[in-house]
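The values are calculated or read from the model by the stated rules, or taken from the named source; none is laboratory data. Just so it is clear, the model here is predicted, and its values are computed rather than measured. Don't worry about glycine lacking a Cβ; one is built from the backbone with ideal geometry, like all the others, and counts go over all protein chains shown. Just so you know, the surface numbers come from the protein's heavy atoms only, side chains and all, with ligands and any DNA or RNA stripped out. Shrake-Rupley method; radii C 1.70, N 1.55, O 1.52, S 1.80 Å.
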Amino acid sequence: MTPSHAIAGEEPEHLTRAAPCRAQVDPLVALRAPDDPPWDVYLTGTVFLDIIFTGLDSAPVRGTESWARGMGSSPGGVANMAAALARLGLRTSLAAAFGDDHYGEYCWDALEHGEGIDLTLSRTVPGWHSPVTVSMAYEGERTMVSHGHEPPPEEPAPDFPPRARAAVASLVPGTRAPWIAQAARAGTRVFADVGWDDTGAWDLAGLPDLEHCEAFLPNAQEAMRYTGVDCPRAAARALTEYVPLAVVTLGAEGAYAVDRRTGETAEVPAIAVEALDPTGAGDVFVAGFVTGTLAGWPLADRLAFAGLTAALSVQEFGGSLSAPGWSEVGAWWRKVQSLPGQDRVALQRFAFLDGLVPEELDRVWPLRRAVPTIGFRRSS
């Protein structure tokens with residue numbers, strides 16, 4: 001199934017300054033009750049300003065100058081996950097440090113007013129400049145260069161995390177984050193991902209907070225290195241000795257998951273799309289999976305939805321502002337069913353969307369997208 005043009009490519013310039021993002025679907029509406037936690041998902045981490053170059057014919061070559069055919073700027077880092085969750089209708093709280101500069105002001109405004117993310121627990125740190133990442137996308141891959149300084153140790157995580165249905169934690173080898181255990185003890189369901197282990201140890205004992213997590217979502221290489229096996233599916237099964245639910249992303253092959261509690265396994269192939277920029281696709285995948293889990297969907301539906309949202313995101317610039325909302329999900333589903341030559345069995349994998357996406361949304365709120373530059377003065 002290759003719906004390469006299911007979602008329109010670039011939006012008109014006037015839509016990049018659209019009204020705040022408002023999710024058209026609440027995936028948890030049937031589960032909400034008066035005594036619910038105030039937030040569906042809590043996150044904490046570093047917000048970067050991402051500057052993305054696309055349309056490069058190859059990786060930059062030493063001693064030469066490369067020109068990119070496209071460029072975008074948007075909040076990055078933990079903002080990728082926060083925006084993806086908010087655009088899928090989850091009430092999202094973010095604790096992060098923001099730079100005391102124009103970049104920080106832009107990221108704060110884009111997340112709070114543009115995406116409806118609660119930043120009550122976030123802080124602007126005087127005299128601290130925003131971390132910046134330059135991402136160069138080519139041949140379906142990316143190369144990144146980042147710069148930043150650690151914020152003061154008291155910023156930004158609160159003493160105790162807020163009540164939330166779920167939290168997403170990025171585990172750091174050899175480091176324990178006290179808020180993760182606190183959140184788990186309070187009943188928050190913790191979903192964890194992990195970055196590349198620069199120490200080379202690849203020791204699960206070096207991820208002490210994994211014991212507090214409900215789900216662990218590494219990629220295939222990370223999963224195999226942590227478990228010492230040469231098959232990502234076998235690695236997922238091995239990981240369930242440490243965490244109840246293991247989800248391993250398989251790149252172009254899709255994703256595989258094992259739930260130790262039920263004995264259930266699921267594997268869903270990837271959706272082939274024409275990728276503009278893969279920045280943040282992993283974060284969008286996690287957001288889609290968390291959404292489906294909190295909504296109580298079957299494991300295979302959660303995997304399929306996570307893969308779909310990630311596939312839609314790579315057709316736009318950047319990480320946070322490339323995340324799809326329900327209007328994009330609905331447009332894809334309606335479009336792909338109308339394309340000739342589709343595999344009916346493959347389409348059936350997404351039939352669960354029929355009960356989620358209204359045929360006609362009351363109003364389409366255009367999503368903000370990454371723009372070439374920031375700080376233009378608006379005409380009065």
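List of remarks:
- Evaluating 6.51 cos²θ - 1.76 cosθ + 1.60 at θ = phi - 60° for every residue in the range 115-127, the Karplus couplings come out as 10, x, 7, 7, 10, 4, 8, 8, 9, 8, 9, x, x Hz, glycine and proline recorded as x.
- Extension gain, Thr143 back to Asp57 (0.36 nm per residue minus Cα-Cα distance, nm): 29.7 nm
- With R₀ set to 22 Å, the beta-carbon distance separating Arg261 from Leu347 gives a calculated FRET efficiency near 0.15.
- Beta bridges per DSSP with both ends in the chain, % antiparallel, nearest 5: 45 percent
- Within a Gaussian network of the chain (alpha carbon springs, distance under 10 Å), most fluctuating of Gly72, Gly341, Gly55: Gly341
- Secondary-structure-derived ellipticity at 222 nm for the chain, considering helices only, amounts to -7000 deg cm²/dmol, per-run term -39500 (n - 2.57) for DSSP H runs with n ≥ 4.
- Estimated at the nearest 10 Å², the accessible area of Tyr242 is 120 Å² with a 1.4 Å probe.
- Working from Cα pairs under 8 Å separated by at least six residues, relative contact order for the chain is 22 percent.
- Listed candidates [x] 55; [y] 49; [z] 40 - label of the one calculated as percent of Cα pairs over 29 Å apart: [z]
- R0 of 35 Å, Cβ-Cβ distance Asp101-Gln337: FRET efficiency to nearest 0.05: 0.15
- Lys/Arg +1, Asp/Glu -1 at C-beta; the chain dipole; positive extreme among Ala346, Ala82, Thr54: Ala346
- Stokes-Einstein translational diffusion, the range 106-178 - Kirkwood Rh over all Cα pairs, 0.890 mPa s, 25 °C, in µm²/s: 158 µm²/s
- Phi to ³J(HN,Hα) by Karplus 6.51 cos²θ - 1.76 cosθ + 1.60 over the range 252-268, Hz, x for Gly, Pro: 5, 8, x, 7, 9, 9, 9, 10, 5, 5, 10, x, 7, 10, 8, 9, 10
- Applying 0.36 nm per residue to the separation of Ala201 and Asp230 and subtracting their alpha-carbon distance, the gain on full extension is 8.8 nm.
- Fraction of antiparallel bridges per DSSP, the range 186-332 only, in percent to nearest 5: 65 percent
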